[in-house]
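Novice: Here's a structure for you.
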Amino acid sequence: MPVSKTRSILIQTCAAFTLAVAGCSTSAPVADTSAPNNAAIYAPKTVQQDFKKGQVLSFVVIDAKKGDAATAARNKYYETAFSLSTQFGLNRRMGFNVLAVPVGEFKPQFAVLYSWPSAAKERQFSAHPDWPAIKATRPNIWNELRVYNDVLKQDVTLTFDASKTYTLAAAWINPEHPNDYEKYLSGIQDAVTKSGGRFIYKMYNPTFEAHAAPQGAPDQVLLVEWDTPDGLDKFRKTAGFKANAKYLGSGTTLFELSVLSPVVG
């Protein structure tokens, strides 16, 4: 897509994405308090995930194919891929339902957070002779499967709350204005905080896998936590967003945003 067209889409969708989010409910199910033995009462509403320096944090974002053939292929993939990958320490940390995709043409339904013990272990897995044939079945299962990997330079703790909303943003930096996206993020920080949001994790230059994406790896992937489902709408109405939205348009050639709800309990 030409840069000018992408920028135009960005400016339009920046104003529109909060409308889509406003209709998304991310509240945890209300427990039946009349039934004291109901397991839902005791189900955890928050999950803490601890990651150590040197581990690989991996976000996998999925647009699944429908139909019996895809389902059968997916079940076989899970059986073989995870049987192999867990031998090298792959650990599933958290699943997310995708509530909306306000910005971008990629329309996933689900996202998963994984970790590897180290980059060396992930490379050993990728070099296993059985893996290429397993990986080659992905296009039969998913319209698209995107993997963003980041080697941690320090310990990281992420806490996910079922009552909160999360957004996952992927940004491809415009080389003609390479500093504008960071200018945008710096400029909106106070507005995000006042709207009940917080930046909880940034990937810089993640390694990237996909079988259908026309573009290369994003330059940054950002995870934001919002206290309420209308946090994005509050943010959009702030002076901080309005003053800095131009840098989102000028600073990126492509920008994608998904709204997530963690599967907790």
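A short reminder: the numbers here are calculations on the coordinates, not readings from a lab. Quick caveat: nothing in here was measured; it's all calculated off a predicted structure. As a convention, Cβ positions derive from the backbone with ideal geometry for all residues, glycine included, and neighbour counts pool all protein chains shown.
Novice: With θ taken as phi - 60° and the coefficients 6.51, -1.76 and 1.60, list the Karplus ³J(HN,Hα) couplings across segment 72-81 in order, rounded to whole Hz; mark glycine and proline as x.
Specialist: 5, 5, 5, 4, 5, 4, 4, 4, 7, 5
Novice: Enumerate the amide H contacts of K65 below 5 Å, restricted to partners 5 or more residues apart or on another chain; note that Pro and chain-start residues carry no placed amide H.
Specialist: Amide H to amide H, under 5 Å and 5 or more residues apart or across chains, K65 pairs with W142, N143.
Novice: Here is a further query. Under the rule of at least 5 residues apart or a separate chain, name every residue whose amide H is placed under 5 Å from the amide H of T207.
Specialist: The answer is N149.
Novice: Work out the FRET efficiency for Q87 and F199 from their Cβ-Cβ distance, taking R0 = 41 Å, and round it to the nearest 0.05.
Specialist: Calculated value: 0.75.
Novice: Assuming R0 = 41 Å, can you tell me the calculated FRET efficiency for the pair A133 and Q154, based on Cβ-Cβ distance, to the nearest 0.05?
Specialist: It comes out at approximately 0.65.
Novice: Determine the dipole magnitude for segment 145-261: charges of +1 sit on the beta-carbon of Lys and Arg, -1 on that of Asp and Glu, nothing else is charged, the reference point is the Cα centre, and the result goes in debye to the nearest 20.
Specialist: In total the dipole reaches around 340 debye.
Novice: Name the long-range amide H neighbours of A100: under 5 Å, sequence gap of 5 or more, or other chain; modelled H, no Pro or chain starts.
Specialist: The answer is V259.
Novice: Could you calculate, for segment 139-224, the ratio of the Cα radius of gyration to the Kirkwood radius, expressed as Rg to Rh? Numbers along the way, then the final one.
Specialist: Values: Rg = 14.9 Å, Rh = 15.0 Å.
My calculation of the ratio gives 1.00.
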